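Notes follow the structure.
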Amino acid sequence: MSERENQSPKPRKGKSGLTGCSIILAVLLAIPLLIVLVYFSLVAVGAILIVSDPIEPVDAVVILSGDAGDRLGMAVEMLERGYVRNLVITNTNRMANRRLAREAEHAGFARESIFITDLAVDSTLDEARAVMQFARDKGWSDFMVVTDPYHSFRTRVIFRNEMRGSGITIYVRPVVGHWFRSSSWFTYREGWRFVFLEVAKMANYMLFVLKEKIGPLLRPDIFLKIISLLRRLQE
């Protein structure tokens, strides 16, 4: 037997090793890319929710209900810069209205320039309709609505839709220095809760508008069930 025949064949390098390494390398490269993609997606969500119109001279600045002081501070800044003289407070309850009116007067608004809407409000839609009635009663046509950043997009959509064809111009401005920012809202537990609520409430409003427009053509019980479900999710 020849020496060549006595030599055992060398094992061939299989493709499984290379394939395994390729998969690991691909995963290692995909992880940071996925993180970057998720990050920019979350930033985009925050950027969509936060809208800001330019500050313009208006007939009045409107503070939506639920103010913890930030919204009034924004209104006072507009007053000091000469953009506005009148303040409108949406009517939630008597105690909260009086407290906010006192704080506004103490901050610089004249007592006769502080107004509270006649209609009581329980939602952003109520607030839009209350402001529209107030504007018609006063004959005013330009308003700056101040609210929290995460609430600004929905506020603009609802107010402008409700004011359509009325000749009333609505600007929306988020408060400055708020913790909710497009680049970091997802690092807060409250951020996730508020984003979920804003999306649910926006869907609720869109269903409401749809029901008003084409509701008679469809089964109303389906809309009622969907809206009831969305409202339970908001609680």
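For the criterion of being over 21 Å from VAL51 (Cα atoms) and buried (at least 18 other Cβ atoms within 10 Å of the Cβ), LEU100 passes. On inspection, VAL121 qualifies as in contact with a strand residue (DSSP E or B) (Cβ under 7 Å, 6 or more places away or on another chain), modelled with pLDDT under 95, among the β-branched types (Val, Ile, Thr) and more than 15 Å from ALA75 (Cα to Cα).
The single condition among (1) surrounded by 12 or more Cβ atoms within 10 Å (Cβ to Cβ); (2) modelled with pLDDT under 75; (3) of a type in the set (S, T, N, Q) that SER228 does not satisfy is (1). The set of residues in the range 152-180 that are more than 22 Å from MET78 (Cα to Cα), out of contact with any Lys or Arg (no Cβ under 7 Å at 6 or more places or on another chain) and charged (D, E, K, R) contains only ARG164. Of the numbered criteria (1) crowded, with 18+ Cβ neighbours inside 10 Å; (2) farther than 16 Å from ASP142 by Cα; (3) at pLDDT 95 or above; (4) among the hydrophobic types (A, V, I, L, M, F, W, C), the one LEU87 fails is (2). Just one residue in the set PHE134, PHE208 is surrounded by 13 or more Cβ atoms within 10 Å (Cβ to Cβ) and either in contact (Cβ under 8 Å) with a residue 60 or more places away in the chain or not assigned by TED's automatic domain parsing to the domain that holds ALA75 (or both); that residue is PHE208.
Here SER65 qualifies as at pLDDT below 95 and not β-branched (Val, Ile, Thr).
Checking each residue in the range 66-116 for being closer than 21 Å to ASP148 by Cα, outside any loop (DSSP other than H, G, I, E, B) and among the small types (Gly, Ala, Ser) picks out GLY73, ALA75, ALA96, ALA101, ALA104, ALA107.
The values are calculated or read from the model by the stated rules, or taken from the named source; none is laboratory data. Here the structure is a predicted model, which is why all the values come from computation and not from measurement. Quick reminder, even Gly has a Cβ in these numbers, built from the backbone with ideal geometry, and neighbours come from all protein chains shown.
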